[in-house]
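What follows is one structure encoded as structure tokens, with my remarks underneath.
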Amino acid sequence: MQIPRPYSGHKREQQRMSARTCLYTAHQEMGAKIVEFSGWDMPLHYGSQIKEHHCVRRDCAMFDVSHMTVVDIDGSDARSYLRYLLANDVAKITEPGQGLYSAMLNDQGGAVDDLIVYALPRGFRLVLNCATGDKDLAWMNEYAQGFQVALQERDDLAIIAVQGPQAIARVSSIVGQTTGDKINTLKPFTSIFTPSSQIDRDWQLARTGYTGEDGLEIILPSSDAETFWWQLYEAGVLPAGLAARDTLRLEAGLNLYGHEMDESVSPLRANMAWTIAWKDFERDFVGRSALLAACDEGPQDKLVGLLLTGRGVLRDGQTVYIAGCEQPGVITSGSFSPTLGYSIALARVPVEAGEWAEVMMRKKRETVRLLKPGFIRHGEQVFAAVANE
């Protein structure tokens, strides 16, 4: 099935090797350090990654996430199509604006991608990772055969995430009291659709994010994005880049596709079993048989958090040694935690691993503590229990 592209003013500028979002000029004017990220020219930071990180934890900041892929799905079979395509069940969504986190699996139970699906007033909307967008679209089109559905990639939309304890208040000061009152009452993973103040086109304001803080992800026409970005800035919302976004999500214990999961890793191995809807035994979905077989075999490893209170920084790919285990583990994501002042990581280790392990750093093994993933939520330390269950 060919995906229609009705909008002539792409948010991507395809003339260069790397694409640019509609906010690229604003990033330049704000002094961003631009780097290539999954085929996009994106802001790494605007002078200080640490400042931007703390701004989200203590106040709020805004991120350009317009590089993510948005796909709208319509048609008489849209719901049944997504019930088969996704491991989570869109039948849980009962009204427009509600969202659902899910994985899209292959036949072996590995994650093709993780995503959020929203119910639109008509049809559904998927927000996909930018690095997997082309692959995802090909996969979705393959499984669309036999269903009466239409898939439309929304290159005419941008996404701005405003995250932090003051995010709702700052956005409310711009969008007006009526819309502000509505977003104040939103529950997590719900959204509202409202016309912008400038143009009578729908914006989607969703109470979602990737930082472990309260906030919104605002999907809006690309033509409205730069004006809104500067309005946020004038309201006291500072910009933040990819570097802060990564340390924030790591502190929150949130997975990153290509690190904690990929096409060889099932949701069962990525602490995402809660996103698999098993209750409806009549519902088949792609990858279900493989997941059932994996459940019968039992877990061989687990995804945990690591805390290093000594010197050094934990990094992706480092080996994790566990006493009594012949097979070592591996760090999937690691960095310094600006909030804690220590290095933290996510790691896949043997299922029998206990509370302590060692990581080779600077030709010396350093002791690390194993924890349940998730270190900081809403600005507060949340880890306590060890990941030995």
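What follows is calculated from the coordinates using simple rules that are stated; it is not laboratory data. Since the model is a prediction, treat every value here as computed from it, not as a measurement. Here the Cβ is made from the backbone with ideal geometry for all residues, glycine too, and neighbour counts use every protein chain on show.
Assorted remarks:
- Size of electric dipole in segment 177-326: Cβ of Lys, Arg +1 and of Asp, Glu -1, about Cα centre, debye, nearest 20: 300 debye
- Label point at His378 placed 7 Å out along Cα→Cβ; residues across segment 225-266 whose backbone nitrogen lies under 17 Å: 252-253
- A Cβ-based charge dipole, computed about the Cα centre of the chain with Lys and Arg at +1 and Asp and Glu at -1, lands at about 900 debye.
- Subset of Lys135/Lys187; Lys51/Lys372; Lys92/Lys182; Lys135/Lys364 violating a 29 Å alpha-carbon distance limit: Lys135/Lys187; Lys135/Lys364
- Each of the peptides 25-36, 80-91, 47-58 was scored by the mean count of other Cβ atoms within 10 Å over its residues; in descending order, highest first, they stand as 80-91, 47-58, 25-36.
- Pair Ile34, Asp107: separation of 7 Å Cα→Cβ label points (nm): 4.3 nm
- Each Lys and Arg Cβ is given +1 and each Asp and Glu Cβ -1; about its Cα centre, segment 240-389 then shows a dipole of about 680 debye.
- Translational diffusion coefficient (Stokes-Einstein; Kirkwood radius from C-alpha pairs) of the chain at 20 °C, 1.002 mPa s, in µm²/s: 98 µm²/s
- Helical runs (DSSP H, four residues minimum) scored at -39500 (n - 2.57) apiece and divided by the length of the chain put the mean residue ellipticity at 222 nm at -6500 deg cm²/dmol.
- Listed residues Asp224, Asp113, Asp134, most fluctuating in the chain (Gaussian network, C-alpha, under 10 Å): Asp134
- All Cα-Cα separations within segment 299-389 were binned at 5 Å from zero, giving a P(r) of 3, 16, 28, 27, 16, 8, 2, 0, each value a whole percent of the pairs.
- Unit charges at the beta carbon, dipole of the chain: most positive-side option, Tyr321, Phe189, Leu128: Tyr321
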